[in-house]
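Mind having a look at this structure? Questions to follow.
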Amino acid sequence: MKRIWLFLVFALASCAPAVTPVAAETPPLPTSTPPATLAFPSVTPPPVTPTALLPSPTATLIQCNPLVAEFCVTEGHFLFQNPILPPGNPFVEAAYRYGSTQNGLREPHHGVEFVNATGTPVHAAADGWVVFAGPDEEAVYSPWKNFYGNIVVIRHSDGFFTLYAHLSVVNVQAGRQVAAGEKIGEVGLTGSADGSHLHFEVRRGSVEDYFSTLNPELWLMPPAGEGALAISVVDESGKPRRAEITIRSDDEAYFIKTYEEKFSTMEENAGLALRANRYRIAFVYGGKIYERWAEVQSGKLTQVVIIVK
Ligand SMILES: [Zn+2]
């Protein structure tokens, strides 16, 4: 299915320099959102000037457009709290992030892993209702039977769902209401698991659609001192493109690949949670190096769009 790429523009986002030219006769700054079907401009945007935000009072409400800004820092959409609480390991396994194949070794990943010992408590990521709890003896949430083992699926408001797989113990039943943070089960290795861990998914829309997943790292509230980074690598027509990306600060480095194409969303095709800092995002595409500097702030979501040729 061909996806229409719509980049959401977040109101009141703090952002990198805007791109409105400064001139005495400059018309009011545009405040409308882009059209739903976004055609990438064939012309070079006007030059950025540091005073671009100053001349007009309407500039205080200017929206950051990641298509033209270096990056946009937004409030994000961190709807969920971490399903694993300390002393459990609340960090996502870096080798097998959402949309990854772990260098071709595994199926593209529909969720993230929290590697923890069997028996580690698992908590509801938000208030909701349990829609399924028990072994996946029918292939409902994946194309395979007994794939997730014991799972709990919770329906939240606004069409969101979370899924918790490979559990050793299930503490809730279908139809029950749960509160955010409530214990719903324990980590295990039931189903198709290569060791004890929690496989965690966020889905939106049709919960039984295996491809309705979203990158949990962009929807889970980051720990203190961390934020999240959503990257889109697209060509000039807006089609997502594959790249191996290095993300470096002065003392840290992250290596991620853009998602398999089916996983690309309207907002990004790569993303992760990481420490608040300034990062250099770089990759090679078509023999050319692309690089971008972007800031990640604690508790915020930074959006970066890089258009390749
Ligand atoms: Zn998994």
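The values are calculated or read from the model by the stated rules, or taken from the named source; none is laboratory data. Computed from a predicted structure; not experimentally measured. In this analysis, Cβ positions are derived from the backbone assuming ideal geometry, glycine residues included, and neighbour counts consider all displayed protein chains.
Checking Glu217 against (1) within 16 Å of the ligand (Cβ to nearest atom); (2) crowded, with 22+ Cβ neighbours inside 10 Å; (3) outside any loop (DSSP other than H, G, I, E, B), which test does it fail?
(2)
Can you say whether Ala282 is touching a residue at least 24 places away in the same chain (Cβ under 8 Å) and over 25 Å from Asn82 (Cβ atoms), as far as the supplied structure shows?
Taking the combined requirement at face value, the residue satisfies it.
Still on this structure: May I ask you to verify whether Tyr290 is touching a Lys or Arg at 6+ places or on another chain (Cβ under 7 Å) and at pLDDT 95 or above?
Answer is no for this residue.
Tell me the residue from Glu201, Glu267, Glu244, Glu182 that is surrounded by 18 or more Cβ atoms within 10 Å (Cβ to Cβ) and modelled with pLDDT of 95 or more, please.
None of the other options fit; the residue is Glu201.
A further question follows. Answer yes if at least one residue in segment 179-187 is assigned to a loop (DSSP other than H, G, I, E, B), within 16 Å of the ligand (Cβ to nearest atom) and under 24 Å from the mean Cα position of the chain (by Cα), and no otherwise.
yes
Something else now. Please verify whether Ser192 is within 16 Å of the ligand (Cβ to nearest atom) and in a loop (DSSP other than H, G, I, E, B), treating the condition exactly as stated.
Yes; evaluated as a whole, the condition is true for this residue.
Which of (1) among the polar types (S, T, N, Q); (2) closer than 24 Å to Asn269 by Cα; (3) modelled with pLDDT of 95 or more is the odd one out, the single condition Gln173 does not satisfy?
Every listed condition holds for Gln173 apart from (2).
Please verify whether segment 118-132 includes one or more residues that are assigned to a loop (DSSP other than H, G, I, E, B) and within 14 Å of the ligand (Cβ to nearest atom).
no
Against the conditions (1) surrounded by 16 or more Cβ atoms within 10 Å (Cβ to Cβ); (2) in the same structural domain as Gly128 (by TED's automatic domain parsing), where does Phe211 fall short? Just the number, please.
Every condition holds for Phe211 apart from (1).
Tell me, yes or no, whether segment 145-155 has at least one residue that is buried (at least 20 other Cβ atoms within 10 Å of the Cβ), within 19 Å of Phe91 (Cα to Cα), within 16 Å of the ligand (Cβ to nearest atom) and not assigned by TED's automatic domain parsing to the domain that holds Ser264.
No: segment 145-155 contains no residue that is buried (at least 20 other Cβ atoms within 10 Å of the Cβ), within 19 Å of Phe91 (Cα to Cα), within 16 Å of the ligand (Cβ to nearest atom) and not assigned by TED's automatic domain parsing to the domain that holds Ser264.
Go through segment 252-279 and report how many residues are free of Cβ contacts under 8 Å to residues at least 60 places away in the same chain and either over 15 Å from the mean Cα position of the chain (by Cα) or part of a strand (DSSP E or B) (or both).
Residues in segment 252-279 being free of Cβ contacts under 8 Å to residues at least 60 places away in the same chain and either over 15 Å from the mean Cα position of the chain (by Cα) or part of a strand (DSSP E or B) (or both): 9 in total.
When the residues of segment 94-112 are filtered to those that are outside any loop (DSSP other than H, G, I, E, B) and aliphatic (A, V, I, L, M), which remaining residue is nearest to the ligand (Cβ to nearest atom)?
Ranking the qualifying residues of segment 94-112, first place goes to Val112.
Counting only residues that are within 16 Å of the ligand (Cβ to nearest atom) and of a type in the set (D, E, K, R), how many does segment 220-250 have?
Qualifying residue count for the region: 0.
Mind telling me which of the residues Ala139, Ala126 ends up being free of Cβ contacts under 8 Å to residues at least 40 places away in the same chain, over 24 Å from Ile256 (Cβ atoms) and outside the structural domain of Leu301 (by TED's automatic domain parsing)?
Ala139
Does Val234 satisfy the condition of being among the aliphatic types (A, V, I, L, M), within 22 Å of Lys257 (Cβ to Cβ) and either without any contact (Cβ under 8 Å) to a residue 40 or more places away in the chain or not assigned by TED's automatic domain parsing to the domain that holds Glu291 (or both)?
When the stated conditions are applied, Val234 does not pass them.
What residue, among those in segment 106-132 that are closer than 20 Å to His156 by Cα and among the small types (Gly, Ala, Ser), is farthest from the chain's Cα centre (by Cα)?
Among them, the one singled out is Gly128.
Before we move on, is Tyr210 under 22 Å from Asp127 (Cβ atoms) and among the hydroxyl-bearing types (Ser, Thr, Tyr)?
no
With respect to Glu137, determine if the residue is within 14 Å of the ligand (Cβ to nearest atom), more than 16 Å from the chain's Cα centre (by Cα) and surrounded by fewer than 16 Cβ atoms within 10 Å (Cβ to Cβ).
no
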